[in-house]
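What follows is calculated from the coordinates using simple rules that are stated; it is not laboratory data. Quick caveat: nothing in here was measured; it's all calculated off a predicted structure. All Cβ positions, even for glycine, are placed from backbone atoms using ideal geometry, and neighbour counts span all protein chains on display.
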Amino acid sequence: MSESFSFGSGDYMLMLALLFFGRGMDFLSTYVATPSLALEGNPIAKFLGWRWGILLNVVLCFTFARWPLTAIIITTTGLLVASRNFHSAWLMRSMGEDGYRIWYSERMSQTRLRLVILSLLGETLLTALVGLALIYFSDLASAPFAIGLGIVAYAFVVLFYTGLSQFRLRRRHRPRVDNPDDNGVNITNEL
């Protein structure tokens, strides 16, 4: 499966459909959770916005559909990200994007940093272990190998972007030096 497919072939079209489905679910789940992208954790996606983000992903889908392993890795990662987005989308929508951000910031400021880090590491490392097991017990250049790599990539994406988001929240809301009684929860429009 390490070969590449010629543009327009049946195998190419299958990989293209998989990529469109995986990336489409990622976009749909993001839209359901945060239509204005206010809660988007990926700063590049937030900067691009919907129009440019969709255009870039269409180009990437047409490009990566030539290589089945890459297409499977990207599709796996996209579907897992979409699943994670859908998990909290109902809460984000019911509270509103600003309400959810304020609520989440308050929870972060009231939780020990060590517990936050351990929870994030537990989630991502356990997920990555499943992917690593697939990689270890699969033939190189096989679909299970690519799925395993997609799972590991997902774990890395969650660790990186969730960690980045939590770091920014902690930095924004740490106690002010001029007021030692301030716990940093004073959330205003700076979010």
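General remarks:
- Here the extension length gained between residue 167 and residue 137 equals 7.2 nm, from 0.36 nm per residue of separation less the Cα-Cα distance.
- Each of residue 91 and residue 56 was given a label point 7 Å from its Cα along the Cα-to-Cβ line. The distance between the two points is 2.8 nm.
- Exposed GluC sites (Glu not before Pro) absent - longest run of the chain, DSSP non-H/G/I/E/B, at most 14 other C-beta within 10 Å: 4-189
- A simple charge model with +1 on the Cβ of Lys and Arg, -1 on the Cβ of Asp and Glu and nothing else charged puts the dipole of the chain at about 380 debye relative to its Cα centre.
- GNM flexibility winner over the chain from 125, 69, 48 (Cα, springs under 10 Å): 48
- Helix runs (DSSP H) in the chain reaching 24 Å along axis by Cα, Kyte-Doolittle at least 1.6: 113-136
- Under a Gaussian network description of the chain, with springs only between Cα atoms under 10 Å, the residue in 102, 135, 147 that fluctuates furthest is 102.
- Of all the options 111, 63, 76, the one that moves most in a Gaussian network model of the chain with Cα springs shorter than 10 angstrom is 111.
- Alpha-carbon centroid distance for the pair the stretch 37-87 / the stretch 99-145, whole angstrom: 18
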